[in-house]
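Scroll down for the structure; my scribbles are underneath it.
Bear in mind these aren't lab numbers, they're just calculated from the coordinates by the rules spelled out. Since we're looking at a predicted model, the values are computed, not measured. We place every Cβ from the backbone using ideal geometry, glycine too, and count neighbours over all the protein chains shown.
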Amino acid sequence: IVTKAFRDMGFSTLEAIIIVFVSFLLGAGIIDEYVGISFSNVHLFTYHDYWMVGINIGGAVIPLLLSCYLFVKNKLNLGVVLVGIGIVSIISFLVTYPDPEKGIVSMFPFWLLPVIIASLVSVFLYWKEKRKAAPVAYIVGTLGVLIGADCFHLMGLLEHEIQNPRNAIIGGANVFDMVFITGLLAVFLDGILIFQQRRKKE
């Protein structure tokens, strides 16, 4: 699923493996144990002296950079992409909630809704340019969840009173985070929808 999704976005299988491997390696904190410096999470700010807010490299920063790269590479329309991100952000906000013990979470099967919506929105917005649908699905899925789930719910999470200092990490589940997964699954679903459409035409 992962390699097919990246191929649909224009990457080779090798590039897909490298991206996922680097995302996992940096995001999971494996390097941190050896060098004694945190490469997995970038500290952003401290809230009320007990919430340490940061962003995960593998679960958020790399997907964000990939989204920017795909946007520029495919010369996408900014207005169209913003509409897609807005729609997915709303859905992501509605299907997630802050939990002081786990962070921003979503229950199955509700976390699949942003995936489905991101795919349908991308196909609809780029119906006449299906080659661009996959990159759009990744961008609106990734940024939609990042904004709608992690950012919109962040203050709600930070308002919970806790006894001991704790991290609040955006994209903290690394490659298993909803931000990372939604983008890839949306592209994969895009491929299925477009393939079915082509078969009907044939």
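A few points about this structure:
- Between the Cα long axis of helix 113-125 and the first principal axis of the chain there is an angle of about 40°, rounded to the nearest 10.
- Semi-axes of the equivalent ellipsoid for the chain, computed as √(5λ) from the eigenvalues of its C-alpha gyration tensor and ordered from largest down, come to 31, 19, 13 Å.
- Highest mean packing comes first when the peptides 84-95, 63-74 are listed by Cβ atoms within 10 Å, giving 84-95, 63-74.
- Under 5 Å from the amide H of A168 lie the amide H atoms of M52, V53, G54, each residue being 5 or more positions distant or on a separate chain, with H modelled from the backbone and absent for Pro and chain starts.
- Measuring nothing but how far apart in sequence close Cα pairs (under 8 Å, 6+ apart) lie, relative to its length, region 49-196 scores a relative contact order of 40 percent.
- Between the helical axis of 62-73 and the longest alpha-carbon principal axis of the chain there is an angle of about 30 degrees.
- Karplus-derived 3J(HN,Hα) values for region 130-135, using 6.51 cos²θ - 1.76 cosθ + 1.60 with θ = phi - 60°, are 4, 4, 8, 5, 5, x Hz; glycine and proline are entered as x.
- As a ratio to 2.2 N^0.38 Å, the alpha-carbon radius of gyration for region 43-153 is 1.13.
- Across region 15-27, computed HN-Hα scalar couplings (Karplus, 6.51 cos²θ - 1.76 cosθ + 1.60, θ = phi - 60°) run 4, 4, 4, 5, 4, 5, 5, 5, 4, 5, 4, 6, x Hz from first to last residue, x flagging Gly and Pro.
- In this structure the amide hydrogen of I104, modeled in the peptide plane, comes within under 5 Å of the amide hydrogens of D99, none closer than 5 places in sequence on its chain.
- Helix 78-94 and the longest principal axis of the Cα set of the chain meet at an angle near 50°.
- Of the peptides 182-189, 125-132, the order by per-residue mean of other Cβ atoms within 10 Å, starting with the highest, comes out as 182-189, 125-132.
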